[in-house]
Amino acid sequence: MGSEQTEGARQLLLQTYRSMRRIRRFEERTADLIEAGEIKTPCHLYIGQEAIAAGVCAALGRDDYIWGGHRSHGHYLAKGGGLAAMMAELYGKATGCSGGRGGSMHLVAPEVGLLGTVPLVAATIPLAVGAALASKLRNDGRVSVSFFGDGATEEGHFHESLNLAALYRLPVIFVCENNFYSSHLHLLERRAEDNIVESGRAHGVPAARLDGNDALAVHQATAEAVARARRGDGPTLLECRTYRWRGHVGPAWDMDVGVRRKDELKEWQSRDPVAQGRQRLLDGGYPEAELEQTDRGIEEEIEQAVEFARTSPYPDEASLLDFVYASGTGGP
Amino acid sequence: MRTLTYAQAIREAHALLLENDPRVFLIGQGLRSPWYAGGSLEGLDSEFGPERVMDSPVSENATTGAAVGAAIAGMRPIVFHPRMDFMLLALDPIINQAANWSYMFAGQVSVPLVIRAVVNRGGEQGAQHAQAMQALFMHLPGLKVVMPSTPHDAKGLLIAAVADGNPVLYIDDRWLYDEVGPVAEEMYTVPIGTAAVRKEGADVTIVATSYMAVEAMKAVAVLAERGIDAEMIDLRSIKPWDHELIFDSVRKTGRLVISDAAWKTAGVAAEIAASVSTELFDALKAPIQRVTLPDAPAPVSAALERAYYITAGDIVTAAERAVGV
Ligand SMILES: Cc1ncc(C[n+]2csc(CCOP(=O)(O)OP(=O)(O)O)c2C)c(N)n1
Ligand SMILES: [Mg+2]
């Protein structure tokens, strides 16, 4: 390996580690703030799945689009959405990324290509296809990424969207975060076979099953999908297998939904994506002191965000009817 | 009489229906999850088995379509949508199919189906976890719509809906789940299309739907202290609605306030107001008042939620305006 390559690999390791660690700490802090009663909007925490957002977004440019769902704090942060603006949104403050209208489940950061996350399962999959269609019609080289869960693949939206994207060879990447649960139901209580990845082949979309706890593997597969999309060769489906550590919603550890989850959780916690990223850096000789510096920087950023959220004003009652209709002529 | 909560009454109706009619089955998301169903379906899956209580994949369109098909084929399905917002993914089977089926085939085949949708809002959840769209469904020929507000009616209207032989949209509201009231133990029905007078009065008629009936009763008490004798009618059946009972009341009071916790434009309140002004123009002593949500999606921030949702105080203000104080 040449030294340039080594430097590039190290940069990627560092970038994905920092991204994962930021998400992890943001979510842990949020969990505490929910328990303290400061945050009341329902939060679906991303803890355990950080490698997917971090790995995918590290392969994207600022102008590329991403779309998400109810569990999208990680997507927002990894794509470059402002951390303080999201914290303020969780507090329902006017300074939040959605002006206090959206809360945890409706995040937006148009300046970095995040055009919206919404909690209606699978809703943004066809929208991601539409953004890719816009990119194709404009020939602007942008790629559109749709993040969704295993549960979303049970909706018609998913299957119709794959077909459409394949037919029109659209620059879209379908990232399925298969954490094996949709709320209280395990994957095999909802489908006859553990075969989400095969939906890709059935619709003519190249598909791969990945270790979703390995940021580098996710990054590598995404980079290939991005290259294919930018070449005009159409969509890709990535099934990233992972696990959410906390409950479906809220900060609880979710050990109460049966023995199976308890055992599974232990197993998956031993494959902590953030710890893995950190270990890789240390194994490559990255100085621990610098990592600690990075971690401290993240802590400071989060504490400043909490302070910002706490001291920001609530939206004015008189603004209740603002934004029902857009004031401009449309587009980000 | 024995009392139950609203959620328990819904659960009991389901249990009796499953016990007494082998054609009845349940399908939908969250049937075994208190997060989705509150206590309203508790333990039914273990009592009646997963063949008849099917906690489904995230597939509203397919589960609802399948329920329509099973109903046409002679079963009595109850399809459950833990939030009305999610049910919107199933509009084709509900609107194009279920609502039109009997008419399209000259009544030779029909759709004895109950679609249960829960309104579950507030708590900083936002626009897609809040919508109460009864007006949208009231608009459709071929579909019936009920919205019980008491434990007694929650049980009786569900049993009536299953017995009806037509597609019935049964809408319950999570804000009602802890309401307590007397509920008879046996199977009984509350006839679809009938409203209920909850309190008689002479000065002003207040018609309320679903949870607003609870707020309206609080308003009635406040109005009584201020010397206004309000009559309170719980609409409970949105389509068909009880024209006669409401007309009789307005003939008596000459004043009407309608409260429906949904958007104002083209809403349930608008429909009732239009009918009353057409039929009873001469009996009215004051303009009809509507107490509804503003025409805006539900916000998240508690600061905006407070301004958005309507309460007894808004009904009191509207009633005073109608009476002219
Ligand atoms: C259309 C729709 N149906 C149902 C729901 C209820 N719901 C919210 S989150 C969720 C679980 C989805 O599971 P998955 O897609 O695997 O995402 P995860 O929660 O595991 O991240 C469900 C069913 C919803 N929000 N929208
Ligand atoms: Mg999942």
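The values are calculated or read from the model by the stated rules, or taken from the named source; none is laboratory data. Just so it is clear, the structure is predicted and the values come from calculations on it, not from any experiment. Glycine also receives a Cβ, built like all others from the backbone with ideal geometry; neighbour counts cover every protein chain displayed. Each accessible area value is taken on the protein alone, full model and side chains, heavy atoms only, with ligands, DNA and RNA left out. Shrake-Rupley method; radii C 1.70, N 1.55, O 1.52, S 1.80 Å.
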Report task. Name the one entry in B:G313, B:G267 that is assigned by TED's automatic domain parsing to the domain that holds B:E244, touching a residue at least 40 places away in the same chain (Cβ under 8 Å) and over 23 Å from B:L245 (Cβ atoms). Result -> B:G313
Query raised in the report: Within the stretch B:283-302, can you find the residues that are surrounded by fewer than 21 Cβ atoms within 10 Å (Cβ to Cβ) and closer than 30 Å to A:K93 by Cβ?
Result: B:L293, B:P294, B:D295, B:A296, B:P297, B:A302
Query raised in the report: How many residues are in a loop (DSSP other than H, G, I, E, B), open to solvent by 10 Å² or more (accessible area, probe 1.4 Å) and not small (G, A, S) if we restrict to the stretch B:85-111?
Result: 3
Query raised in the report: A:G55 fails exactly one of the following numbered conditions: (1) free of Cβ contacts under 8 Å to residues at least 60 places away in the same chain; (2) assigned to a helix (DSSP H, G or I); (3) away from ligand 2 (no atom under 16 Å from the Cβ). What is the number of that condition?
Result: (1)
Query raised in the report: Could you say whether any residue in the stretch B:174-187 is buried (at least 19 other Cβ atoms within 10 Å of the Cβ) and in contact with a Pro (Cβ under 7 Å, 6 or more places away or on another chain)?
Result: yes
Requested in this report: Count, please, the residues in the stretch A:78-106 that happen to be on the phi > 0 side of the Ramachandran plot and facing another protein chain (nearest Cβ under 7 Å).
Outcome: 3
Requested in this report: Would you check if B:S56 is polar (S, T, N, Q) and either farther than 24 Å from B:Q8 by Cβ or in contact with a Gly (Cβ under 9 Å, 6 or more places away or on another chain) (or both)?
Outcome: yes
**Report entry** Residue under evaluation A:A109, criteria (1) touching a Leu at 6+ places or on another chain (Cβ under 9 Å); (2) of a type outside the set (D, E, K, R); (3) within 11 Å of chain B (Cβ to nearest Cβ), criterion not met
**Finding:** (3)
Report summary line: Taking the stretch B:283-303 and keeping residues part of a loop (DSSP other than H, G, I, E, B) and away from chain A (no Cβ under 14 Å) leaves B:L284, B:K285, B:A286, B:P287, B:I288
Query - Extreme residue, farthest from the other protein chains (Cβ to nearest Cβ), among residues of the stretch A:132-169 that are over 30 Å from B:T64 (Cα atoms), part of a helix (DSSP H, G or I) and open to solvent by 10 Å² or more (accessible area, probe 1.4 Å) - result: A:R138
Query raised in the report: Mind checking which residues of the stretch B:208-248 are in contact (Cβ under 8 Å) with a residue 12 or more places away in the chain and over 27 Å from B:L169 (Cα atoms)?
Result: B:K218, B:A219, B:V220, B:V222, B:L223, B:R226, B:I228, B:D229, B:A230, B:E231
Query - Given (1) over 18 Å from B:A208 (Cβ atoms); (2) open to solvent by less than 10 Å² (accessible area, probe 1.4 Å), number of the condition B:I171 does not satisfy - result: (1)
Query raised in the report: Only one residue in A:A78, A:A88, A:A9 is open to solvent by less than 20 Å² (accessible area, probe 1.4 Å), of a type in the set (A, V, I, L, M) and not in a loop (DSSP other than H, G, I, E, B). Which one?
Result: A:A88
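When the residues of the stretch A:12-52 are filtered to those that are of a type in the set (S, T, Y) and not in a helix (DSSP H, G or I), which remaining residue is nearest to A:D150 (Cα to Cα)? It would help to see each step written out before you state the result.
As a first pass, look at the stretch A:12-52 and keep what is of a type in the set (S, T, Y): A:16-17, A:19, A:30, A:41, A:46.
With the extra rule that they be not in a helix (DSSP H, G or I), the set shrinks to A:41, A:46.
Details: A:T41: 24, A:Y46: 14 Å.
It comes out as A:Y46.
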Report summary line: Filtering the stretch A:178-214 for residues that are open to solvent by less than 30 Å² (accessible area, probe 1.4 Å), away from chain B (no Cβ under 13 Å) and within 14 Å of ligand 2 (Cβ to nearest atom) leaves a count of 4
Requested in this report: Determine whether the stretch B:57-80 contains at least one residue that is within 14 Å of chain A (Cβ to nearest Cβ), of a type in the set (S, T, N, Q), within 16 Å of ligand 1 (Cβ to nearest atom) and more than 24 Å from A:G156 (Cα to Cα).
Outcome: no
